Amino acid sequence: MAGLLYLPRLFVYHSDKEIEQNTSNTFKVMERKLYRFIMNPSVALVWITGLILFYYSGIETWLLVKIALVILMTFFHIFLGQRLRDFSADANKYPSRFFRIINEVPTIIMIIIVFLAVLQP
(Lines give C-alpha, C1' and ligand atoms only; values in the text may rest on other atoms or scores of the structure.)
Protein backbone atom coordinates (compact mmCIF):
# COMPACT_ATOMS: atom_id res chain seq x y z
CA MET A 1 0.00 0.00 0.00
CA ALA A 2 2.81 2.39 0.80
CA GLY A 3 4.11 2.01 -2.74
CA LEU A 4 0.75 3.12 -4.15
CA LEU A 5 1.04 6.24 -2.05
CA TYR A 6 4.72 6.94 -2.75
CA LEU A 7 5.15 6.12 -6.45
CA PRO A 8 2.78 8.86 -7.70
CA ARG A 9 4.67 11.31 -5.46
CA LEU A 10 7.92 10.28 -7.14
CA PHE A 11 6.21 10.83 -10.49
CA VAL A 12 5.26 14.37 -9.40
CA TYR A 13 8.91 15.24 -8.89
CA HIS A 14 10.10 13.27 -11.91
CA SER A 15 7.65 15.00 -14.25
CA ASP A 16 9.13 18.40 -13.42
CA LYS A 17 10.50 19.83 -16.66
CA GLU A 18 13.49 21.46 -14.97
CA ILE A 19 15.25 18.35 -13.64
CA GLU A 20 18.61 17.31 -15.02
CA GLN A 21 19.31 14.01 -16.78
CA ASN A 22 21.31 12.70 -13.82
CA THR A 23 18.40 13.41 -11.47
CA SER A 24 15.98 11.80 -13.91
CA ASN A 25 18.12 8.65 -13.96
CA THR A 26 18.07 8.56 -10.16
CA PHE A 27 14.27 8.80 -10.18
CA LYS A 28 14.09 5.98 -12.73
CA VAL A 29 16.11 3.69 -10.47
CA MET A 30 14.02 4.58 -7.39
CA GLU A 31 10.73 4.10 -9.22
CA ARG A 32 11.75 0.80 -10.80
CA LYS A 33 12.99 -0.69 -7.52
CA LEU A 34 9.91 0.47 -5.63
CA TYR A 35 7.58 -1.05 -8.23
CA ARG A 36 9.39 -4.34 -8.79
CA PHE A 37 10.72 -5.20 -5.34
CA ILE A 38 8.07 -3.74 -3.04
CA MET A 39 4.82 -3.13 -4.92
CA ASN A 40 4.65 -6.28 -7.07
CA PRO A 41 5.23 -8.72 -4.17
CA SER A 42 2.78 -6.71 -2.05
CA VAL A 43 -0.03 -6.93 -4.59
CA ALA A 44 0.53 -10.68 -4.87
CA LEU A 45 0.39 -11.03 -1.07
CA VAL A 46 -2.79 -8.95 -0.90
CA TRP A 47 -4.50 -11.21 -3.43
CA ILE A 48 -3.36 -14.42 -1.74
CA THR A 49 -4.48 -13.36 1.72
CA GLY A 50 -7.70 -11.86 0.32
CA LEU A 51 -8.65 -15.08 -1.39
CA ILE A 52 -7.89 -17.02 1.79
CA LEU A 53 -10.13 -14.62 3.73
CA PHE A 54 -12.86 -15.05 1.15
CA TYR A 55 -12.54 -18.84 1.37
CA TYR A 56 -12.96 -18.86 5.16
CA SER A 57 -15.53 -16.05 5.44
CA GLY A 58 -17.78 -16.98 2.57
CA ILE A 59 -19.91 -14.56 0.63
CA GLU A 60 -20.54 -11.49 2.73
CA THR A 61 -21.49 -8.06 1.42
CA TRP A 62 -18.69 -6.16 3.15
CA LEU A 63 -16.13 -8.61 1.78
CA LEU A 64 -17.46 -8.37 -1.76
CA VAL A 65 -17.24 -4.56 -1.61
CA LYS A 66 -13.72 -4.83 -0.22
CA ILE A 67 -12.69 -7.21 -3.02
CA ALA A 68 -14.16 -4.81 -5.59
CA LEU A 69 -12.06 -2.00 -4.12
CA VAL A 70 -8.97 -4.22 -4.16
CA ILE A 71 -9.65 -4.88 -7.85
CA LEU A 72 -9.80 -1.11 -8.37
CA MET A 73 -6.48 -0.72 -6.53
CA THR A 74 -4.98 -3.47 -8.70
CA PHE A 75 -5.97 -1.55 -11.82
CA PHE A 76 -4.37 1.55 -10.29
CA HIS A 77 -1.22 -0.51 -9.67
CA ILE A 78 -1.18 -1.57 -13.33
CA PHE A 79 -1.76 2.04 -14.43
CA LEU A 80 1.24 3.14 -12.37
CA GLY A 81 3.30 0.39 -14.01
CA GLN A 82 2.38 1.81 -17.41
CA ARG A 83 3.43 5.30 -16.31
CA LEU A 84 6.69 3.79 -15.02
CA ARG A 85 7.38 2.42 -18.50
CA ASP A 86 6.65 5.88 -19.94
CA PHE A 87 9.16 7.50 -17.59
CA SER A 88 11.74 4.79 -18.33
CA ALA A 89 11.45 5.57 -22.04
CA ASP A 90 11.45 9.35 -21.40
CA ALA A 91 7.96 9.46 -22.90
CA ASN A 92 5.87 10.85 -20.03
CA LYS A 93 2.91 12.84 -21.33
CA TYR A 94 1.30 13.84 -18.03
CA PRO A 95 2.02 17.03 -16.06
CA SER A 96 2.95 16.98 -12.39
CA ARG A 97 -0.54 18.28 -11.50
CA PHE A 98 -2.05 15.05 -12.87
CA PHE A 99 0.16 12.98 -10.57
CA ARG A 100 -0.67 15.22 -7.61
CA ILE A 101 -4.37 14.53 -8.17
CA ILE A 102 -4.09 10.76 -8.66
CA ASN A 103 -1.87 10.59 -5.59
CA GLU A 104 -5.06 11.00 -3.52
CA VAL A 105 -6.90 8.05 -5.11
CA PRO A 106 -5.26 5.23 -3.12
CA THR A 107 -5.66 7.15 0.14
CA ILE A 108 -9.42 7.42 -0.26
CA ILE A 109 -9.79 3.79 -1.33
CA MET A 110 -7.53 2.61 1.50
CA ILE A 111 -9.66 4.40 4.11
CA ILE A 112 -12.79 2.67 2.79
CA ILE A 113 -11.06 -0.74 2.70
CA VAL A 114 -9.85 -0.41 6.29
CA PHE A 115 -13.30 0.73 7.40
CA LEU A 116 -14.86 -2.34 5.77
CA ALA A 117 -12.29 -4.71 7.25
CA VAL A 118 -12.52 -3.37 10.79
CA LEU A 119 -16.25 -2.76 11.13
CA GLN A 120 -17.52 -5.45 8.75
CA PRO A 121 -20.86 -3.66 8.28
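The values are calculated or read from the model by the stated rules, or taken from the named source; none is laboratory data. The structure displayed is predicted, hence computed values, not measured ones. Because the Cβ atoms are built from the backbone with ideal geometry, glycine has one as well, and the counts that use them run over all protein chains shown.
Summary of computed values
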| read-out | value |
| --- | --- |
| Candidates 109, 67 - the one that is touching a residue at least 24 places away in the same chain (Cβ under 8 Å) and farther than 19 Å from residue 31 by Cβ | 109 |
| Helices (runs of 4 or more DSSP H) within the stretch 1-60 that include 1 or more residues among the aromatic types (Phe, Trp, Tyr) and in contact with a Phe, Trp or Tyr (Cβ under 8 Å, 6 or more places away or on another chain) | 2-14, 21-33 |
| Qualifying residues in the stretch 20-59 (those that are of a type in the set (D, E, K, R) and loosely packed, with under 13 Cβ neighbours inside 10 Å) - the one nearest to residue 116 (Cα to Cα) | 36 |
| Test: residue 74 is in contact with a Phe, Trp or Tyr (Cβ under 8 Å, 6 or more places away or on another chain), within 18 Å of residue 110 (Cβ to Cβ) and surrounded by fewer than 16 Cβ atoms within 10 Å (Cβ to Cβ) | yes |
| Whichever residue in the stretch 2-15 is surrounded by 13 or more Cβ atoms within 10 Å (Cβ to Cβ) and out of contact with any helix residue (DSSP H, G or I) (no Cβ under 6 Å at 6 or more places or on another chain) and, among such residues, is nearest to residue 111 (Cα to Cα) | 6 |
| Any chance residue 84 is outside any loop (DSSP other than H, G, I, E, B), touching a helix residue (DSSP H, G or I) at 6+ places or on another chain (Cβ under 6 Å), within 29 Å of residue 118 (Cβ to Cβ) and modelled with pLDDT of 90 or more | no |
